[in-house]
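Take a look at the structure below.
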Amino acid sequence: MSAWAERATRGGARRLAAVAVVLLSGIGLAALTGCKSGDDGGDVLRLAINPWPGYEFLYLAGARGYLAEEGLKVDFVERPDLGGVRAAYLAGEADAMTVTLTEVLRTCDDVPERCPRVVLVADYSDGADVLMAVPPLRSPADLRGRRIAVEDGTATMFLLSRALEAAGLSFANVQVVQMPQADMAAAVRAGRVDAVATYPPVALDLARTGRLRTIFSSADIEGEVVDVVAVAPAWAEDREEAVAALVRAWDRAVEFWRENPGEAEAVMAAREGVSARAFAESLAHIRILRSAEQRFLFTQGGPLERAVAHHDRLLRRAGLIQGPDRSGQVIVGQYLQTALR
């Protein structure tokens, strides 16, 4: 098991913890809104984050001093998986989170008053998110009646729904087994599941075992599995320049990686406890974007809005969201524009 997976195992008990009712007064209000200023007078952003190669550039921005130089302090609230990240945000332990559009829409459905705003795209998954199955299963059409492991309420559910849709199937035609990413390898070994919807690092570990084959991936639905930074509306609206500072620090980290790939990947891999080669292997299946390269994504009616609408439709079909359609309020491009100015 990789160091990434080991970290997920150690933290698995915290996954999807029950969210307590927070009193909107005194300490409760401070917990929800976060602190505006740090000891140095700069803004502080509590960012819930999980292991994923695309998100690692935020740590690199901190390690290189870019966040501090832009006047922003980021307190990383580390969780083992996407479910844990969303739970931290729901519990008021974070002002922002690194997630996919699935978690954004589910959060809007759960707490409409804190419906997060997507302010930055970290990457597109271009084959990193995969649906893997044990032989002799060869395609999504072979999944009828099979047991499929997914991480509850995350983009793995979206990936599975798209694979089933492509095969003319639905969730009613399969047995969904909800479990943390870190438990999937053991479930495969024990024969408890026939397929898994997963992503690195677990996907890399499973591929190396030779027990499964990839039968569908995010490369089959290009541009639909997007990793984003989403910020609480109250925090973002009060601190436009601080959010722009996060975008600028991100750009600087990506630029450093492009100019010094070996050095940057060694730093990021070391922090995760994996080899630089393994880290580079993960990056090969995602597209990292600077803000200038993703500006078109935030245009009205653009790729992000279309992707959100697609996620919304499939999540409703799966019964994972029921409230009003909030897809029109989650994509906010003004912070990229401020950063680019």
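Brief remarks follow.
- Annotation: of all residues in the stretch 155-173 being closer than 13 Å to F216 by Cβ and open to solvent by less than 30 Å² (accessible area, probe 1.4 Å), the one that is farthest from the chain's Cα centre (by Cα) is L169.
- Where A141 falls short, out of the listed (1) assigned to a loop (DSSP other than H, G, I, E, B); (2) more than 30 Å from Q334 (Cβ to Cβ): (1)
- The residue list E56, E78 contains one member that is modelled with pLDDT of 95 or more and in contact with a Phe, Trp or Tyr (Cβ under 9 Å, 6 or more places away or on another chain), which is E56.
- Residue count, the stretch 55-86 (criterion: open to solvent by less than 10 Å² (accessible area, probe 1.4 Å), under 23 Å from D183 (Cα atoms) and touching a Leu at 6+ places or on another chain (Cβ under 8 Å)): 2
- Matching helices (runs of 4 or more DSSP H) fully within the stretch 47-119 where at least 3 residues are out of contact with any helix residue (DSSP H, G or I) (no Cβ under 7 Å at 6 or more places or on another chain): 82-90
- Residue that is nearest to E103 (Cα to Cα), among those in the stretch 179-199 that are without any contact (Cβ under 8 Å) to a residue 60 or more places away in the chain and of a type outside the set (G, A, S): M179
- Scanning the stretch 282-292 for residues that are open to solvent by 70 Å² or more (accessible area, probe 1.4 Å) and charged (D, E, K, R) returns a single hit, R287.
A quick yes/no check of all residues on (1) touching a residue at least 40 places away in the same chain (Cβ under 8 Å); (2) over 24 Å from G92 (Cβ atoms); (3) among the charged types (D, E, K, R):
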site	(1), (2), (3)
A234	yes, no, no
E241	yes, no, yes
E259	no, yes, yes
L289	yes, yes, no
G301	no, yes, no
V308	yes, yes, no
L314	yes, yes, no
G328	no, yes, no
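So that you can scan it fast, the table gives a plain yes or no per residue for (1) crowded, with 24+ Cβ neighbours inside 10 Å; (2) hydrophobic (A, V, I, L, M, F, W, C); (3) under 30 Å from D142 (Cα atoms):
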| position | (1), (2), (3) |
| --- | --- |
| D194 | no, no, yes |
| P201 | yes, no, yes |
| R213 | no, no, yes |
| A232 | yes, yes, no |
| L246 | yes, yes, no |
| V254 | no, yes, no |
| R258 | no, no, no |
| V267 | no, yes, no |
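- Selection within the stretch 200-235: residues that are of a type outside the set (G, A, S) and assigned to a loop (DSSP other than H, G, I, E, B). The member of this set that is nearest to V99 (Cα to Cα) is V225.
- Considering each residue of the stretch 105-120 in turn, none proves to be open to solvent by less than 10 Å² (accessible area, probe 1.4 Å), touching a residue at least 24 places away in the same chain (Cβ under 8 Å) and among the charged types (D, E, K, R).
- Reported count of residues in the stretch 294-323, each being farther than 15 Å from V104 by Cβ and open to solvent by 70 Å² or more (accessible area, probe 1.4 Å), is 5.
The values are calculated or read from the model by the stated rules, or taken from the named source; none is laboratory data. This is a predicted model, so every value here is computed, not measured. Note that we place each Cβ from the backbone using ideal geometry, even for glycine, and neighbour counts take in every protein chain shown. Ligands, DNA and RNA are stripped out before the accessible areas are found, and what is left, the full protein with its side chains, is counted by its heavy atoms. Shrake-Rupley method; radii C 1.70, N 1.55, O 1.52, S 1.80 Å.
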